[in-house]
Amino acid sequence: MHVLIYNGQMYIIDEKEGACNRARGLAGLSNLYRAITAVDDPTTIPNVEFILDLEDTPTEAVPENRVVWSWNRPKTNQNTWVVPDFDGWAFPEADLGSYISFREKLKFVEMPFEEKDPRAVWRGAMNNKVRTALMSAARGYEWADVQTMTSETRMHMVDFCKYKFPVHTEGNTWSGRLRYLQNCNSIIVVHQPLEFQAHYYDLLVSEGPDQNFISVRNDFSDLHEKMQYYLSNPATTARIANNSVATFRDRYLTPAAEACYWRRLIRAWAEVQAFSPEAYVDVAAPDGSVWKKQRGVDWEIFAHPDPNFPFRFPEGRHT
């Protein structure tokens with residue numbers, strides 16, 4: 001999606017026709033719009049123009065020097081500006097719903113850490129080597145509730161918070177699951193190193209007094225050893241769980257914190273932007289006069305179109 005922010009208003013200049021992840025774009029940009037409108041005077045936000053890539057793989061089959069905004073990037077890529085992913089607004093499935101609603105539901109399942117199921121828990125599709133390795137490493141152990149996801153084994157996201165040790169794995173690229181798990185008063189097990197970078201991953205601390213997750217190898221060969229250690233050291237596990245809650249659930253993964261990130265991102269982008277965005281272009285009328293034509297479509301109309309009043313992008317495409 002080609003996006004313009006001008007005088008505190010958001011416009012969609014264009015979108016790739018037939019984009020398969022349009023719902024993600026609507027969710028992600030709704031999150032951005034909330035960050036803009038939360039400011040007392042949105043006109044103080046710098047004018048910026050950018051491309052938001054909606055795909056899981058924003059760097060696949062594109063020039064290496066392409067600069068876009070996206071939900072994630074390979075850690076080796078420095079040209080992609082990482083934004084809070086669409087899950088910060090809502091997940092498309094109604095039973096999970098909005099991110100705020102998900103956080104609200106946790107109060108019905110959360111319990112003191114020491115009372116939680118002491119097993120490592122995971123559900124998912126077997127679509128990469130990391131997940132296959134996890135299944136092999138956990139097979140047959142009493143400390144594991146690790147299964148492929150079927151209609152029989154499927155769990156609601158809030159139910160992972162009933163366990164002490166939810167496990168996170170990357171998927172085809174990054175996985176949005178981690179932000180949900182980090183809303184639990186639990187310790188998340190994460191394989192390292194991750195191949196992809198989300199907007200807050202630099203806050204993960206693998207050791208020391210501020211440790212906030214359990215780091216295991218990408219092949220999970222040390223998972224059994226780590227589980228034995230942490231199950232035998234309840235004071236350490238409680239401290240790590242508290243650190244995770246303080247860092248993620250109660251601070252950096254709140255909607256307010258993500259709004260701050262969006263606004264800081266806009267300001268940083270404006271500092272390096274090589275041009276001054278414009279919301280209007282001059283158009284010559286038949287009588288020789290010149291009038292100002294707005295570029296793109298107002299976000300409010302784009303996000304909530306009335307089929308009785310279709311709009312057009314500059315190329316003449318209907319919505």
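Annotation: extensible slack from residue 250 through residue 103 equals 51.9 nm (criterion: 0.36 nm per residue apart, minus Cα-Cα distance). Look at the dipole of region 237-319 built from charges on Cβ: of 254, 284, 311, the Cα furthest out on the positive end belongs to 254. Extending 7 Å from the Cα toward the beta-carbon at both residue 285 and residue 77 defines two label points whose distance is 4.6 nm. If R0 is taken as 35 Å, the Cβ-Cβ distance between residue 2 and residue 159 corresponds to a FRET efficiency of 0.35. Within straight-line reach of residue 75, meaning a Cα separation under 18 Å, sit the following aspartates and glutamates at least 8 residues removed in sequence or on another chain: 53, 55, 56, 60, 64, 85, 170, 195, 202. In terms of its C-alpha gyration tensor, region 172-250 comes out oblate, because a/c is 1.5 or above while a/b does not outweigh b/c.
Among 268, 94, 120, determine the one that fluctuates most according to a GNM of the chain built with springs between C-alpha atoms less than 10 Å apart. Looking only at 268, 94, 120, the biggest GNM fluctuation is shown by 94.
Classification of region 108-164 by its C-alpha gyration tensor yields an oblate form. The axis ratio a/c (a ≥ b ≥ c) is 1.5 or more, and b/c is at least a/b. Maximal additional length on extending the residue 238-residue 62 stretch stands at 58.9 nm, based on 0.36 nm per residue less the C-alpha distance. Given the options 21, 218, 31, state which has the largest fluctuation in a GNM of the chain using a 10 Å cut-off (strictly under) for Cα springs. It is 21. Would you kindly calculate the translational diffusion coefficient of the chain, applying Stokes-Einstein with the Kirkwood radius from alpha carbon pairs, for 10 °C and a viscosity of 1.306 mPa s, and quote it in µm² s⁻¹ without decimals? Result for D is 74 µm²/s. Quick check on the chain: helices-only [θ] at 222 nm, where DSSP H runs of length 4 and up contribute -39,500 (n - 2.57) each and the sum goes over total residues. Nearest 500, please. Helix contribution divided over all residues of the chain: -7500 deg cm²/dmol. With the Cα gyration tensor of region 36-169 giving a ≥ b ≥ c as the square roots of its eigenvalues, does the rule (a/c under 1.5 for rounded; else a/b larger than b/c for prolate; else oblate) give rounded, prolate or oblate? Taking the square roots of the gyration eigenvalues as a ≥ b ≥ c, region 36-169 is oblate. Work out, in µm²/s and without decimals, the Stokes-Einstein translational diffusion coefficient of region 253-292 at 37 °C, 0.692 mPa s, Rh from Kirkwood over C-alpha pairs. Estimated via Stokes-Einstein, D reaches 246 µm²/s.
Can you give me the relative contact order of the chain as a percent, contacts being Cα pairs under 8 Å and 6 or more apart?
19 percent
Comparing 86, 275, 165 in a Gaussian network model of the chain, where Cα atoms under 10 Å apart are tied by springs, the biggest mean-square fluctuation is seen for 275.
Rank the residues 191, 224 as a footprinting-exposure proxy: fewest other Cβ atoms within 10 Å of their Cβ go first.
Placing the least packed residue first, the sequence is 224, 191.
The residue list 234, 132, 213 was ranked by how far each Cα lies along the charge dipole of the chain toward its positive end, using unit charges on Cβ atoms, and 234 comes out on top. Reported value for region 99-254: 113 Å³ per residue, from the convex hull of its C-alpha atoms. Taking other C-beta atoms within 10 Å as the exposure proxy, 55, 170, 225 rank 225, 55, 170 from fewest upward. Using the Cβ-Cβ distance between residue 308 and residue 37 with R0 set to 35 Å, the FRET efficiency from 1/(1 + (r/R0)^6) comes to roughly 0.85.
If the chain linking residue 278 and residue 142 were pulled fully straight, counting 0.36 nm for each residue of separation and taking away their Cα-Cα distance, it would gain 42.8 nm. Secondary structure note: in the chain, about 55% of the DSSP beta bridges are antiparallel. Counting every other Cβ atom within 10 Å of each residue's Cβ, 289, 244, 136 order from fewest to most as 289, 136, 244. Taking the C-alpha atoms only, the angle from helix 22-37 to the longest principal axis of the chain is near 80 degrees. Considering only alpha-carbon pairs that sit under 8 angstrom and 6 or more positions apart, the relative contact order computed for region 90-211 is 25 percent.
The numbers here are math on the coordinates, done by the rules we state, and not lab data. Keep in mind it's a predicted model, so treat the numbers as computed, not measured. Don't worry about glycine lacking a Cβ; one is built from the backbone with ideal geometry, like all the others, and counts go over all protein chains shown.
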